[in-house]
Amino acid sequence: MKKNVLKSLACFMLLCMAWSCNDEGETTMSNPEAQARDFREKSENVWEGELGAEQEDGELVITASRSDLYEEFGRLLAKKGNMTKLSSLDIQIREADNDPSDNAYFLIASGTDLQTGMTTSIGVMLNKTSGFFYLGHPLTDGDPLDVTCRGCPSGCFLKYYVIGKARVPYCDSAGCGPDCDKQE
């Protein structure tokens, strides 16, 4: 009888241990340095993973966390002294201005600069592989290679040229005049 009780107790303990061990750690970090480290790891994961996909109907959709992407684009703008409230985020296909047969994909966020009221857009080039989109250039110092275009509401759009084998982004003033500004 003792053996049956001990075996039952041992099985019960094993089941309790299995239920108590899970991968969804519910630990809350209260250390600010640990939270900052967690943010850096999260932001690196956003750029290093899949960012979007092309659906069967041709629609380009963002598959990464939209809030993380908004946060990262906002951080990149703030590093340049640009305080923009971003209001849109999407994947766009663009045709090279000097080669209509060359198409490129960009992840572009845009909004209004809170200080100047100018329209601002920031974008990164994407690579398309098997219907999925990934960052087009390797990370430098933990950040993607981005291009920011600022200018009047009627212009300053992100476009690109093909030079040799390279795609070179630029900001098209589209009648905006000298108000169009490019930052890399």
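The values are calculated or read from the model by the stated rules, or taken from the named source; none is laboratory data. Predicted model only: the values in this text are computed from it and were never measured. No Cβ is skipped: glycine too gets one built from the backbone with ideal geometry, and neighbour counts run over all protein chains shown.
Is it fair to say Ile62 is out of contact with any Ser or Thr (no Cβ under 9 Å at 6 or more places or on another chain), of a type in the set (A, V, I, L, M), at pLDDT 90 or above and surrounded by 14 or more Cβ atoms within 10 Å (Cβ to Cβ)? In short, yes. Pairs linking a residue in region 80-94 that is without any contact (Cβ under 8 Å) to a residue 12 or more places away in the chain to a residue that is polar (S, T, N, Q), with Cβ atoms under 6 Å and 6 or more positions apart or on different chains, do not occur. Considered as a group, the residues in region 175-184 that are over 18 Å from Gln115 (Cα atoms) and touching a strand residue (DSSP E or B) at 6+ places or on another chain (Cβ under 6 Å) include one that is modelled with the highest pLDDT, and that residue is Glu184.
Hey, any hits in region 32-44 for a residue that's modelled with pLDDT under 90, in contact with a Leu (Cβ under 9 Å, 6 or more places away or on another chain) and more than 27 Å from Met118 (Cα to Cα)? Looking through region 32-44, at least one residue is modelled with pLDDT under 90, in contact with a Leu (Cβ under 9 Å, 6 or more places away or on another chain) and more than 27 Å from Met118 (Cα to Cα). Counting residues in region 74-90 that are surrounded by fewer than 11 Cβ atoms within 10 Å (Cβ to Cβ) and part of a loop (DSSP other than H, G, I, E, B) gives one or more. In region 98-115 there is no residue that is surrounded by fewer than 17 Cβ atoms within 10 Å (Cβ to Cβ), assigned to a helix (DSSP H, G or I) and not β-branched (Val, Ile, Thr).
Say we look at region 148-165 and pick out the residues that are among the hydrophobic types (A, V, I, L, M, F, W, C) and at pLDDT below 90; which of these is nearest to Glu71 (Cα to Cα)? Across region 148-165, the extreme among qualifying residues is Cys149. The single condition among (1) within 17 Å of Trp47 (Cα to Cα); (2) crowded, with 17+ Cβ neighbours inside 10 Å; (3) in contact (Cβ under 8 Å) with a residue 40 or more places away in the chain that Thr120 does not meet is (1).
Identify, please: which residue in region 121-168 is in a strand (DSSP E or B) and polar (S, T, N, Q) and is, among those, farthest from the chain's Cα centre (by Cα)? Applying the filter and picking the extreme gives Thr129. Within region 169-181, the set of residues being surrounded by 14 or more Cβ atoms within 10 Å (Cβ to Cβ) and either assigned to a loop (DSSP other than H, G, I, E, B) or hydrophobic (A, V, I, L, M, F, W, C) (or both) comprises Cys171, Ser173, Ala174, Cys176, Cys180. Going through (1) surrounded by 14 or more Cβ atoms within 10 Å (Cβ to Cβ); (2) free of Cβ contacts under 8 Å to residues at least 60 places away in the same chain one by one, Lys165 falls short only on (1).
Residues in region 98-120 that are within 22 Å of the chain's Cα centre (by Cα) and of a type outside the set (Phe, Trp, Tyr): Asn103, Ala104, Leu107, Ile108, Ala109, Ser110, Gly111, Thr112, Asp113, Leu114, Thr119, Thr120.
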